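Please treat every number below as a calculation from the coordinates, not as lab data. Bear in mind the structure is a predicted one, so any value in this text is a computation, not a measurement. Cβ: placed from backbone, ideal geometry, glycine included. Neighbour counts: every protein chain shown.
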Amino acid sequence: MIYDCSEMSACIDQARQHYDSMLFKEALRCGFFEMQAARDKYRELTQGDMHHDLVMTFIESQAVVLSPICPHITEHIWSLIGKVCTHVESLRFPYSVAVASPSA
């Protein structure tokens, strides 16, 4: 089973399009505010029982999406989640997001 990540993927795609058009305010709107709203909606739907891998994918994706705007903060977040071997600025922009559920 694949957990539905369509809202997060749509936000990432929109942010990429806005970066390509150099519309940084719109990229911030999609990459931060709309992704946070999608996360909040997911949290409400799951009543707080969120899938760990999906949450980590969300944090990693949002850090990469926001790294052109606020590199120091995203680098700090990247180190907090244990990604000290790489720098967030050196990563490729995320494209699609899918998280497989654990085997039952």
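Per residue of the chain, the DSSP helices (runs of n ≥ 4 H) give a summed -39500 (n - 2.57) that works out to -16500 deg cm²/dmol at 222 nm.
Each of L23, L54 was scored by other Cβ atoms within 10 Å of its Cβ. Arranged with the fewest first, they read L23, L54. Once you order the gyration tensor axes a ≥ b ≥ c over the Cα atoms, which shape class does segment 2-100 get: rounded for a/c under 1.5, otherwise prolate or oblate by comparing a/b with b/c? Oblate. Rounded to the nearest 10 degrees, the angle from helix 35-45 to the longest Cα principal axis of the chain is 10 degrees. Length gained on full extension, M22 to C70, computed as 0.36 nm times the residue gap minus the Cα-Cα distance: 15.8 nm. Quick check: the angle from helix 6-20's long axis to the longest principal axis of the chain, C-alpha only, nearest 10 degrees? Roughly 10 degrees, rounded to the nearest 10.
Estimated at 0.36 nm per residue, the fully extended path between M56 and E89 surpasses their Cα-Cα distance by 10.1 nm. Relative to the longest principal axis of the Cα atoms of the chain, the long axis of helix 71-80 lies at roughly 30 degrees. For the chain, a crude dipole built from +1 on the beta carbon of Lys and Arg and -1 on the beta carbon of Asp and Glu, taken about the Cα centre, is about 160 debye to the nearest 20. Largest mean-square fluctuation among Q36, Q14, Q47, in a Gaussian network model of the chain whose springs join Cα atoms under 10 Å apart, belongs to Q47. Relative contact order of the chain, taken over Cα pairs closer than 8 Å and 6 or more residues apart, is 38 percent. Counting neighbouring Cβ atoms within 10 Å and putting the fewest first, the residues S67, S9 line up as S9, S67.
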